[in-house]
Amino acid sequence: MDMMLYLIEQQHGHELAASVADSMIHSQIRTPHEPQRMNLQSRIGTNHSALLECVELMEANIEEPLMPDELARLIHSSKRQMERLFQRHLKITPGRYYLGLRLDAAHELLQNSNLKIIEAALACGFKSSSHFCTCYQSRYGHSPGLARSKGAA
């Protein structure tokens, strides 16, 4: 959206770009040098350094998910302490949170790429098509195939 608003501003002026942004409920037009995503602290609603570090590791390792013990070791914590941290701040287990990140990434791929369903599943750390389809159906209430057809529409 920011890219399109930038192009509108370059070709038609700031007033029109601001009007388009306002109609899209987009509060500001970011420059090409500003971050496009909300920072992690704002996205998850905490500034706990170990939790932020853990979520960053999860987001950076979607295709080859890290095991819980490895995540805990990397944030200098025990597995149990990491679990308590997630429960206290996010009200979810680390495994469920990680699965959600991977499913969201797969959902995005299915709607915005030409990858086959199994390719999207593999790109998001799922080793089995049936496990992926079951998890996807549970989270989104429909099959990955339906997401693909919705994305293509």
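The table that follows gives values for the structure above.
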read-out: Conditions (1) at pLDDT below 95; (2) over 30 Å from residue 2 (Cβ atoms): number failed by residue 85; value: (1)
read-out: Members of region 66-83 that are of a type in the set (Lys, Arg) and exposed (fewer than 12 other Cβ atoms within 10 Å of the Cβ); value: 80
read-out: Whichever residue in region 109-136 is more than 14 Å from residue 63 (Cα to Cα) and under 14 Å from the mean Cα position of the chain (by Cα) and, among such residues, is surrounded by the fewest Cβ atoms within 10 Å (Cβ to Cβ); value: 112
read-out: Extreme residue, modelled with the highest pLDDT, among residues of region 88-108 that are loosely packed, with under 15 Cβ neighbours inside 10 Å and closer than 20 Å to residue 145 by Cβ; value: 104
read-out: Residues of region 106-121 that turn out to be in a helix (DSSP H, G or I) and without any contact (Cβ under 8 Å) to a residue 24 or more places away in the chain, as a count; value: 5
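The values are calculated or read from the model by the stated rules, or taken from the named source; none is laboratory data. Please read all numbers here as calculations on a predicted model, not as lab measurements. For neighbour counting, all protein chains shown are included, and Cβ atoms are generated from backbone atoms with ideal geometry for every residue, glycine included.
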